[in-house]
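S.K.: Sending over a structure as structure tokens; questions will come in a sec.
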Amino acid sequence: MVSYQDLKQWVDQMADLCQPDRIYYCDGSEEEYERFMDEMVSSGKAIKLNPLKRPGSYAFFSDPSDVARVENRTFIASKHESDAGPTNHWRDPIELKETMTHLFKGSMKGRTMYVIPFMMGPFGSPLSKVGIQLTDSLYVVVNMKIMTRMGKHVLKELEKMGEFVPCLHSVGYPLEEGQEDVMWPSAPIDQKYISHFPEEKLIWSYGSGYGGNALLGKKCLALRIASVIAKEEHWMAEHMLILKLTNPFGHVKYVLGAFPSACGKTNLSMLVPTIPGWKVETVGDDIAWIWMKEDGRLYAINPEAGFFGVAKGTSYQSNPNAMKAIEKNTIFTNVALTDDLDVWWEGIDGVVPDHLIDWRQKDWTKHETTPAAHPNSRFTVAAKQSPVIASEFDSPEGVLISAILVGGRRPSTIPLVHEATSWNHGVFMGSMMGSEITAAAISDAIGQVRRDPFAMLPFIGYHVGDYLKHWIDMGKMTTEDKLPKIFYVNWFRKDENGQFMWPGFGENSRVLKWIFGRCDNQSEAKLSPIGYMPTLDAIDQTGLSISRDHLEKLTDINVSEWLDEVTSIREYYQTIGEKLPKELMDELNQLERRLIISSNQFSQHIKRKKQ
Ligand code: O2Y
Ligand code: MN
């Protein structure tokens, strides 16, 4: 962190290093945003979309080598390697600074250094944090304007708050005198560094202009650095959606959901329930900051102000609320363009156009085998444009959390939903969640589960064992009855023909209804070796297209598959090492014991039947 008094000195120091032609302090106004967009349209870096089709919206195309977060170039630089743990790429902070100082030297020549004051979290919230990002990318500036609360008013707040997280960013493409710029400047992959210095609460990012690598308020500050601050200050920074669920009687509960990247967090947070009278509204679609108030209960805020959602697959069918949100004032990155200058991607509604300009800016016809939009194409839109943004979105007090969902893509073993019997059991579920690898470069990895504890694998700024211990410790700060209930959901179970068994999307509201009821001890459940399971009739099946038999299979527990799961979790726990909390090993051993007992009971039952 850097103190407010040292802001100017820090900016000057970084400018001395990066040598920009000029420094510009962003005021965050609409007028400034428009001016920057006009500038980028004039210089050929952005395309203004057809105002009759997509008013106030723009398209950008990245360099084909700079299209997503680069996990293998993302570093945690702590003094001791053991503080970064086995899941992070560790670097010695002194050595990394030396390497990066060399790269940053003169990296902004021929460019402007923009100073972006931004706030993560609603103004006045006890958790909210100020960051200042220095960047030579106007694309980053306009995205930060949407994704954060950004502008000169933040400086006033900073004066009161005292300190900020310094974030230095350069695309790593200096311009020599007279040198023409390219559409999307960036550096080669081996020169990209997305670096975090958790002891200093400092972020340095070099060489990429894309998404999570470059919009430093998001994954870098709100997750990796915030996770470290949160542990120190006894709160939690999590990769979770926050949704508001209202039942037909107008009763409200708030639910968190931890799902790995690309598992449908945005869709779930904006879901349109298929069961009458229920309503879902969005507080957040990606990140939650959670703290315990004096009442011993957990509350959450969304630190972000916008959605940086995956475009591909988004349609009025899959996510009508997202589609409505992006009807105007939206930035699109790496989507395809129609001949009348609107956007298009695989999975969007309507017929496939005969001709498009694809994300590589090449002519594309519908006979082409390559996708027109990049699979990681994105929309950036203000949260307030969503028709289902919850009124509490801007509330500094946060929302009271009743339930936490965890889950990933598991074609087998994990049932549609099961509930933890205690906080520690829930932490166990979160620790072992993950997705099955479906397409891997190393073919023998296919079918294995990539464990992704609480969907935080790429985002924990410290040792994963300490992170899980922090979850256990948060539970110890209060009593079990005040903590949210934890549920493991799996929308992705497949049948023997490889078909998804659960329709998903709006139908997930049936599971949310059961969860809502569990929080009030209203929904029926039976205790199983893996936790509480819904009785079949406890899931609302009115109007559901799948049969009862099918639903039974979705909630089936195969003990032998679960015993294999135990073995796999045991192997995974070994990789965490001695920092794995004892409580989680106990949970694993107890699960194994319950499964063995139930399988013995089962075989005795079969024996008795045969006699
Ligand atoms: O590829 C990127 O840089 C975007 S990553 C991202 C964006 C929005 C929400 N979540 C994620 C993620 O990787 O979890
Ligand atoms: Mn995410």
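The values are calculated or read from the model by the stated rules, or taken from the named source; none is laboratory data. None of the values given here were measured: they were computed from a predicted structure. Virtual Cβ from ideal backbone geometry, glycine too; neighbours counted across all protein chains shown. Only protein heavy atoms, including side chains, enter the accessible area calculation; ligands, DNA and RNA are left aside. Shrake-Rupley method; radii C 1.70, N 1.55, O 1.52, S 1.80 Å.
S.K.: If one takes the longest principal axis of the Cα atoms in the chain, at what angle in degrees, from 0 to 90 and to the nearest 10, does the Cα axis of helix 152-161 lie?
M.R.: Its long axis makes an angle of about 60 degrees.
S.K.: How many nm is it between the label spots at K105 and K482, if each spot is 7 Å from the Cα in line with the beta carbon?
M.R.: Modelled inter-label distance: 5.5 nm.
S.K.: Okay, moving on. Take the Cβ-Cβ distance between D354 and Q601 as r, set R0 to 45 Å, and report the resulting FRET efficiency rounded to the nearest 0.05.
M.R.: Between D354 and Q601 the formula returns 0.10.
S.K.: Let me ask another. Eigenvalues of the Cα gyration tensor times 5, then square-rooted: what semi-axes does that give for region 210-340, in whole angstrom, largest first?
M.R.: Semi-axis lengths for region 210-340 are 27, 23, 10 Å.
S.K.: Enumerate the calculated ³J(HN,Hα) couplings along region 306-315 in order (Karplus 6.51 cos²θ - 1.76 cosθ + 1.60, θ = phi - 60°), each rounded to whole Hz, writing x wherever the residue is Gly or Pro.
M.R.: For region 306-315, the Karplus curve yields x, 10, 10, x, 6, 6, 3, x, 7, 8 Hz.
S.K.: Stokes-Einstein diffusion coefficient for region 65-135 at 37 °C in a medium of 0.692 mPa s, Rh from the Kirkwood formula over Cα pairs: what value in µm²/s?
M.R.: Details: Rh = 15.4 Å.
Answer from the Stokes-Einstein relation: 214 µm²/s.
S.K.: Here's something else I'd like to know. For region 181-232, max minus min Cα coordinate along each principal axis, in Å, sorted largest first?
M.R.: Answer, in whole Å and largest first: 43, 17, 14 Å.
S.K.: Report the extension gain between L536 and E524 in nm, rounded to one decimal, defined as 0.36 nm multiplied by the number of residues separating them, less their alpha carbon distance.
M.R.: Working: separation 12, 0.36 × 12 = 4.32 nm, distance 0.90 nm.
Length gained, L536 through E524: 3.4 nm.
S.K.: Do the sum for the chain: with -39,500 (n - 2.57) for every DSSP H run of n ≥ 4, divided by all residues, what is the mean residue ellipticity at 222 nm, to the nearest 500 deg cm²/dmol?
M.R.: -8500 deg cm²/dmol
S.K.: Next up: Need the full-extension length gain, D27 to E561, defined as separation in residues times 0.36 nm minus the C-alpha distance. One decimal, nm.
M.R.: Full extension from D27 to E561 adds 186.5 nm.
S.K.: By how many nm would the segment from K279 to M585 lengthen if fully extended, with 0.36 nm per residue of separation less the alpha-carbon distance?
M.R.: 106.3 nm
S.K.: Considering only protein heavy atoms, what per residue accessible area in square angstrom results for region 276-392 with a 1.4 angstrom probe?
M.R.: 40
S.K.: Which one, G543, P260, L103, projects farthest toward the positive side of the charge dipole computed for the chain from Cβ point charges (K/R +1, D/E -1)?
M.R.: The Cα lying farthest towards the positive end belongs to G543.
S.K.: With all pairs of different alpha carbon atoms counted, what Kirkwood hydrodynamic radius in Å does region 140-290 show?
M.R.: 18.1 Å is the Kirkwood radius here.
S.K.: Which whole-number value in Å² is the accessible area per residue of region 61-208, probe 1.4 Å?
M.R.: Values: 5530 Å² over 148 residues.
Using a 1.4 Å probe on heavy atoms only, each residue of region 61-208 averages 37 Å².
S.K.: Any idea what log10 I(q)/I(0) is at q = 0.14, 0.23 Å⁻¹ for region 281-381, Debye with uniform C-alpha scatterers and no solvent?
M.R.: -0.59, -1.20
S.K.: Using only the Cα atoms of region 48-91, each taken as one equal point scatterer with no solvent, compute I(q) by the Debye sum, divide by I(0), and report log10 of the ratio at q = 0.20, 0.27, 0.28, 0.29 Å⁻¹.
M.R.: Once normalised to I(0) and log-transformed, intensities are -0.71, -0.90, -0.92, -0.95.
S.K.: Same structure, new question: In Å, what Rg and Dmax follow from the Cα atoms of region 269-323?
M.R.: 14.5, 43
S.K.: Report, to the nearest 10°, how far helix 30-42 tilts away from the longest principal axis of the Cα atoms in the chain, using its own Cα long axis and a range of 0 to 90°.
M.R.: Roughly 70 degrees, rounded to the nearest 10.
S.K.: Which whole-number percent is the relative contact order of region 115-192 (Cα, under 8 Å, 6+ apart)?
M.R.: It rounds to 31 percent for region 115-192.
S.K.: Size of the dipole of region 103-194 about the Cα centre, Lys and Arg at +1 and Asp and Glu at -1 on the beta carbon, nothing else charged, in debye to 20?
M.R.: On the way: 10 positive and 9 negative charges, 89 e Å.
With only Lys, Arg, Asp and Glu charged at Cβ, the dipole is about 420 debye.
S.K.: Would you please name the GluC sites (Glu not before Pro) within region 155-203 that are DSSP coil residues with at most 16 other C-beta atoms within 10 Å of their C-beta? Kindly include the intermediate steps, with their values, before the conclusion.
M.R.: Details: sites: E157, E159, E163, E176, E177, E180, E199, E200; in loops: E176, E177, E180, E199, E200.
Qualifying residues, ordered by number: E176, E177, E180, E199, E200.
S.K.: Taking the Cα centre of region 9-90 as origin, sum charge times position over the Cβ atoms of Lys and Arg (+1) and Asp and Glu (-1), and report the length of that vector in debye to the nearest 20. Don't skip to the answer; put the middle values down first.
M.R.: Values: 9 positive and 15 negative charges, 91 e Å.
Using Cβ point charges on Lys, Arg, Asp and Glu, region 9-90 gives about 440 debye.
S.K.: Counting only chymotrypsin sites (Phe, Trp or Tyr not before Pro) that are in a DSSP loop and have at most 14 other C-beta atoms within 10 Å, tell me the longest site-free stretch of the chain.
M.R.: Counting at most 14 other Cβ atoms within 10 Å as exposed, the longest clean stretch of the chain is 317-611.
S.K.: Can I ask one more? Can you tell which of Y58, W90, H80 lies farthest toward the positive end of the dipole of region 45-130, using +1 and -1 charges on the Cβ of basic and acidic side chains (Lys, Arg; Asp, Glu)?
M.R.: After comparing all options, I get Y58.
S.K.: When ligands, DNA and RNA are left out and all protein chains stay put, how many square angstrom of accessible area per residue does region 459-534 have with a 1.4 Å probe?
M.R.: Roughly 38 Å² per residue, with all protein chains present.
S.K.: For the chain, compute Rh as the Kirkwood radius over C-alpha pairs and then the Stokes-Einstein diffusion coefficient at 10 °C and 1.306 mPa s; write the answer in µm²/s, rounded to an integer.
M.R.: Values: Rh = 25.3 Å.
Reported coefficient: 63 µm²/s.
S.K.: How many angstrom separate the Cα center of region 36-59 from the Cα center of region 277-294?
M.R.: 33
S.K.: Based on the alpha carbon coordinates of region 466-582, what radius of gyration and maximum Cα-Cα distance (Dmax) apply, in Å?
M.R.: Final numbers for Rg and Dmax: 17.1, 50 Å.
S.K.: What does the charge dipole of the chain about its Cα centre add up to, to the nearest 20 debye, if the Cβ of each Lys and Arg holds +1 and the Cβ of each Asp and Glu holds -1?
M.R.: For the chain, the charge dipole is close to 1440 debye.
S.K.: On to the next question. For I189, put the label point 7 Å out on the Cα→Cβ axis and report which residues of region 47-90 keep their amide N under 18 Å from it.
M.R.: Within reach of a label on I189: 62-75, 89.
S.K.: Rounded to the nearest 0.05, what FRET efficiency do E71 and K610 have when you use their Cβ-Cβ distance and R0 = 60 Å? Could the numbers behind the result be given before it?
M.R.: Numbers: r = 53 Å, r/R0 = 0.88.
The calculated FRET efficiency here is 0.70.
S.K.: Carbon and sulfur atoms: what percent of the 1.4 Å accessible area of the chain do they account for?
M.R.: After summing per-atom areas, the C and S share lands at 51 percent.
S.K.: If you average 1/r across every pair of different Cα atoms in region 116-183 and take the reciprocal, what Kirkwood value do you get, in Å? The partial results should precede the final answer.
M.R.: Working: mean 1/r = 0.0751 Å⁻¹.
Answer for region 116-183: a Kirkwood hydrodynamic radius of 13.3 Å.
S.K.: For region 337-496, what is the convex hull volume of its Cα atoms per residue in Å³? Display every interim value, and only then the final one.
M.R.: On the way: hull volume 34.5 nm³, N = 160.
Per residue, the Cα convex hull of region 337-496 comes to 215 Å³.
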